[in-house]
1. Taking 7 Å along the Cα-to-C-beta vector as the label spot, tell me the I20-A60 distance in nanometres, rounded to one decimal.
2. So how much slack lies between I13 and A126, counting 0.36 nm per residue of separation and subtracting their Cα-Cα distance, in nm?
3. If packing is taken as the average count of other Cβ atoms within 10 Å, what order do 90-103, 42-55 fall into, highest mean first?
4. Can you tell me the orientation of helix 8-24 relative to the chain, as the angle in degrees between its alpha-carbon axis and the longest Cα principal axis, to the nearest 10?
5. Treating only the Cβ atoms of Lys and Arg (+1) and Asp and Glu (-1) as charged, compute the dipole magnitude of the stretch 61-147 about its Cα centre; round to the nearest 20 debye.
6. Averaged per residue, what accessible surface does the chain expose to a 1.4 Å probe, in Å²?
7. Output the peptides 73-82, 105-114, 9-18 sorted from most to least packed, where packing is the average of other Cβ atoms within 10 Å over each peptide's residues.
8. For the chain, I need the span (max minus min coordinate) of the C-alpha atoms along each principal axis, in Å, sorted largest to smallest.
Amino acid sequence: MSGYQPDFWHWWILALALIIAETFLPGTFFLWMGVSALVLGVVSWLIPTMGWEMQLMLFAVLSLASIVGWRLWQRKHPDETDQPMLNRRGEQYIDRVFTLETAIENGYGKVRVADSLWRVKGADAAAGTKVRVTAADGIVLVVERAD
């Protein structure tokens, strides 16, 4: 690559390509790399003598910093939703009472919820016993006797 020197518009084209890629592959990963390429395009426009090695290193640093910065900001400011349990179906059943479909033996049994069977864990109990869901452990509902 001796003699090759990317111009500012190369970075702007890369920025555009990365931002377009973000629309097809969402996840806010390519977006921040695109923003980094856009910033680097401005920097290389202002400093046209910057070598390609420095440009590449600066792109890597800017991309990493922007992606990590965005992730940290998202963790501190999560998106608000009107359905916080939408993709956590097991947690939707906490505090609800169900009837054991199969007995809890050796700590595990099953309850019928609508048209599906859910595995439950708790103290041994006979089929037909009413149980209350106290927690969700992945796809297993944690239950206790509902008296």
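1. 2.7 nm
2. 34.0 nm
3. Per-residue mean Cβ counts within 10 Å order the peptides as 90-103, 42-55.
4. In the chain, helix 8-24 runs at an angle near 20 degrees to the longest axis.
5. 180 debye
6. 68 Å²
7. 9-18, 105-114, 73-82
8. Cα spread of the chain along its principal axes, largest to smallest: 79, 31, 26 Å.
The values are calculated or read from the model by the stated rules, or taken from the named source; none is laboratory data. Since we're looking at a predicted model, the values are computed, not measured. Neighbour counts run over all protein chains shown; Cβ positions are idealised from the backbone, glycine included. The accessibility values were calculated without ligands, DNA or RNA, using every heavy atom of the protein model including side chains. Shrake-Rupley method; radii C 1.70, N 1.55, O 1.52, S 1.80 Å.
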